[in-house]
1. Considering only C-alpha atoms, what is the centroid distance from the stretch 260-328 to the stretch 170-247, in Å?
2. Explain nothing, just compute: Karplus ³J(HN,Hα) = 6.51 cos²θ - 1.76 cosθ + 1.60, θ = phi - 60°, for every residue of the stretch 332-342 in order, whole Hz, x for Gly and Pro.
3. In the stretch 100-227, with Lys and Arg counted as +1 and Asp and Glu as -1 at Cβ, which of these residues, His222, Tyr167, Gly139, has the Cα nearest the positive end of the dipole, that is, farthest along it?
4. Once both axes come from the Cα atoms, what is the angle between helix 192-206 and the longest principal axis of the chain, in degrees from 0 to 90, rounded to 10?
5. Taking H as built 1.01 Å from N, whose amide H comes closer than 5 Å to the amide H of Gly403, not counting residues under 5 places away?
6. For a quick protection proxy, order the peptides 117-128, 169-180, 321-332 by their average other-Cβ count within 10 Å, most packed first.
7. Using Cα pairs under 8 angstrom and six or more residues apart, how large is the relative contact order of the chain, in percent?
8. Report, in degrees rounded to the nearest 10, the 0 to 90 angle that the Cα long axis of helix 482-498 makes with the longest principal axis of the chain.
Amino acid sequence: MKFLIATFVSACLAATSITAVEPNKPNFIFILSDDLAQGDLGAYGQKLIQTPNLDRMAREGTRYTQAYCGTTVCAPSRTALMTGLHMGHSPIRANREAKPEGQKPLPAETYTVAQHLKTAGYSTAAIGKWGMGMFDTTGSPLKKGFDYFFGYNCQRLAHSYFPTYLYKNDQRFELPGNDGNTQIEGKGAIYAQNLIADEALTWVRAQKDQPFFLFYAITLPHGTFQIDDQGLYKDKPWTTQEKNYAAMVTRLDSDVGRLLDLLRERNIDKNTLVMFAGDNGSSFSTDSAIGKRFDQTMGGKLRGFKRSMYEGALRQASLAWWPGTVTAGRVSEEPWAFWDYLPTIAELIHTPLAASVPTDGHSLASFLKGGAAPKRDYFYWELHEGKPIQAARWGDWKAVRNGPAQPIEIYDLQADVSEAKNLASEKPDLVAKAETIFQSARTDHPDWPLTKQQKGPKPKKQWDGEIARRGYPIPICWIDSPFALIKRLGFCCIILVHGLAWFDWVLLAMWALRGMHAVWTGYLGV
Ligand SMILES: [Ca+2]
């Protein structure tokens, strides 16, 4: 009997002991900034724009010089971050608009970081900008593992920082006093990021009994470049766009600072991994006035910007912060990529991904804690906006192909980080290797062929979906705003009165003006 009692007591003590030593599950926050250049932050050398909170985060954590995004526009880059898939396997490989609102959705079978964390009992929220599917599609954040959503679902609506509404979960959250304008001088009653930042803090404050995951996708400093207060930069002898842009980066910084302060205040900083990154590099051409003003290329160090496959588009400003766990004050020049986030989370919560969940990533768990970056065969990217373009990196070699019919370029990133000297003619073996990667790293997908000019979904397909969704018998996208309706009716009148040839000239003039505007502003889109 004594033996049985002793055994029982020992078993109880052992169970207690296991419970006592099991570490708390860490919280996770991923802060994604929109269209930030690596050179925009003081920690990377920025001299004109103030970013004291992110600079402090860098000092208290690890700063990465070769952190790679999923690809170089919003929706597919976010998809890589959420799904652990690079662009060879991602279901989304370009921004694809849906009418009247939203983007091409993540398919039902896609598995996300948030879904994995739900299996381990996490509370989850996506706050900011989503862009991977409206609420009535398979890509809704509420169907992809998030308990809570607040912000812009649609990337196109996020062009206004004074939107007429945001979403709280799947319900419209009206913002009276805003007109949804996208003019740079635009003003409204409520600056959206102010609400979004408050919402992020409120949600974190409400987390008490469960570990949590916050995907905090801040739209700053993405265009249109609107700000409610130019702050430090009001009296600078700069253009409105430059003053607004600098103020947006500084607001991004202060909003990150508020969140880190809250973690300290709640004494959960030592149990929370916060990662920060831009989503696709700068939206400004490297030779635009604003790009030069803020030296976004860091003295010409990085070539390219958003929508290209060069390092200036792919390398992000990126920090990891977890006091006591992530190495403080470290600057790592080893590469990693967004599709590593899912396997990293899986390892950190000791919950392996199911064998049925594919991933192209590698866990960064030991790398975050001071170890070496994981070894891998290669990194791979593609993008389907206009001509499909591809890039790969293995070791210090980088390959770029700017279209299916274009020659492969080869660069040595160790000797030539600015990708100035194409070594393709000297390195036919590397060209052949790149060709092999460009073919084998990807799966063919009818939406993302490599062989022709890319187009968006056929309008009929969009309209069919919209008619089914709304129950309306007409294509809503034709009347989604009074302005759009007037514009389209106006074009019809021109054709009727003057004939098609005259109309061709109108279109040609509009196309030229739009191109001139893009060159003039250095800003090229979503
Ligand atoms: Ca972006």
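Throughout, read-outs are computed from the coordinates displayed, never taken from laboratory work. Keep in mind that what you see is a predicted model, and the values were worked out from it rather than measured. All Cβ positions, glycine included, derive from the backbone under ideal geometry; neighbour counts span all protein chains shown.
1. The stretch 260-328 and the stretch 170-247 have Cα centres spaced 18 Å from each other.
2. So the J values, rounded to whole Hz, are 9, 9, 8, x, 8, 9, 3, 6, 7, 5, 4.
3. Gly139
4. That works out to roughly 20 degrees.
5. HN-HN under 5 Å from Gly403: Gln390.
6. Numbers: 117-128: 21.2, 169-180: 13.7, 321-332: 16.8.
So the peptides 117-128, 169-180, 321-332, ranked by packing, come out 117-128, 321-332, 169-180.
7. Working: 1064 pairs, mean separation 108.8, N = 526.
Reported relative contact order: 21 percent.
8. It works out to around 30 degrees.
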